[in-house]
Amino acid sequence: MSPLPRTMLAMTRRRTQTSLLQVGSVRAEVTYKHVKNLRLRVVPPDGVVKVSVPFGVPEAQVEEFVRNHEQWLAKAREQVRLANPLREPLHNGGRARLWGRWLEVRVEDATRAGARLDGDVVVVSGPDEAAHRRGLENLYRREMQAALPALFSRYEPLVGRRHEQLKLRRMTSRWGTCNNRTASITLNTALAEHPPEALEYVVVHELAHLIERGHGQRFHALMDRLLPQWRQRRKALRGQP
């Protein structure tokens with residue numbers, strides 16, 4: 001058998017190479033490997049951006065590729081993080097997140113699901129972890145119910161319309177929705193895991209939809225008037241720097 005040509009031999013000796021690349025608001029893990037085309041993916045549960053790059057493609061071309069997909073990546077990372085919320089075992093000495101802070105978890109035996117705050121400790125109760133999860137979810141719902149009246153009282157007069165119905169539930173694709181016709185607003189209970197500023201941003205966003213259905217210039221102008229920092233809040237909620 002004749003030996004391989006030198007160029008082919010060099011290719012067979014190549015190994016995948018991985019490096020980090022910052023492009024605008026996107027931090028990407030770039031891996032050079034034996035692929036034909038540039039490929040982009042967002043990996044759960046944290047929304048890590050990974051780029052597969054053929055050997056020989058210059059870094060400038062990779063940067064342009066990522067930059068051209070920056071808006072898509074922001075939405076994709078948000079969807080991944082929504083669909084894969086951070087879950088840690090709920091056991092004694094574990095932790096749960098509330099309003100952007102990690103709090104210690106204490107477990108109590110009980111026949112029914114429950115959760116309450118005891119200072120800076122989240123006390124969950126129930127016969128198993130599934131019950132503890134239900135209890136924690138109910139705690140998130142109660143915390144949001146306590147925080148929302150002040151937000152609606154502040155921003156509804158500025159919007160000039162009131163919501164007629166409010167629903168709180170765990171959602172996997174959106175932080176909130178608004179039915180413009182019925183003035184019904186639904187909010188994701190996962191917002192209770194994030195800093196209070198995130199809840200404020202989503203409430204203002206959905207109230208603005210009572211006036212403007214789409215996300216065009218008039219919607220942006222309304223958001224600028226109601227909450228000038230809304231773009232920074234959106235970036236934080238999407239996990240962008």
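Laboratory data are not the source of any read-out in this text; all were calculated from the coordinates shown. Everything numeric in this text was worked out from a predicted model, so none of it was measured. Neighbour counts run over all protein chains shown; Cβ positions are idealised from the backbone, glycine included.
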Under a point spin-label approximation (7 Å from Cα along Cα-to-Cβ), what is the Ser173-Ser19 distance to one decimal in nm? 3.9
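Add -39500 (n - 2.57) for each DSSP H run of 4 or more in the chain, then divide by its residues: what number comes out at 222 nm, to the nearest 500 deg cm²/dmol? Please list the in-between numbers first.
On the way: 7 runs with 94 residues, N = 241.
The per-residue figure over the chain is -12500 deg cm²/dmol.
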Work from the charge dipole of segment 14-83 (Cβ charges, +1 for Lys and Arg, -1 for Asp and Glu, about the Cα centre) and give the residue of Pro58, His34, Val48 farthest towards its positive end. His34
Where does segment 14-83 land on Rg(C-alpha)/(2.2 N^0.38 Å)? 1.08
Taking every alpha carbon pair in the chain and sorting the distances into 5 angstrom bins from 0 up to the bin holding the longest one, the percent per bin comes out as 1, 6, 11, 13, 13, 12, 11, 10, 8, 5, 4, 2, 2, 1, 1, 0, 0
As straight-line cross-link partners of Lys235, the qualifying lysines (C-alpha separation under 29 Å, not fewer than 8 residues apart within one chain) are Lys50, Lys75, Lys167
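So if each residue of separation counts as 0.36 nm, and I subtract the Cα-Cα distance between Glu212 and Glu29, what length gain in nm does that give? The partial results should precede the final answer.
Values: separation 183, 0.36 × 183 = 65.88 nm, distance 3.80 nm.
Answer, rounded to one decimal: 62.1 nm.
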Treat segment 95-222 as a sphere of radius equal to its Kirkwood radius over Cα pairs and apply Stokes-Einstein at 20 °C in a medium of 1.002 mPa s; give the translational diffusion coefficient in µm²/s, rounded to a whole number. 136
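Arrange Tyr140, Tyr155 by Cβ neighbour counts within 10 Å, fewest through most, would you?
Numbers: Tyr140 23, Tyr155 17.
Ranked by crowding around the Cβ, least crowded first: Tyr155, Tyr140.
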Applying 1/(1 + (r/R0)^6) with R0 = 22 Å to the Cβ-Cβ distance of Arg142 and Asp46, what FRET efficiency is obtained, to the nearest 0.05? 0.20
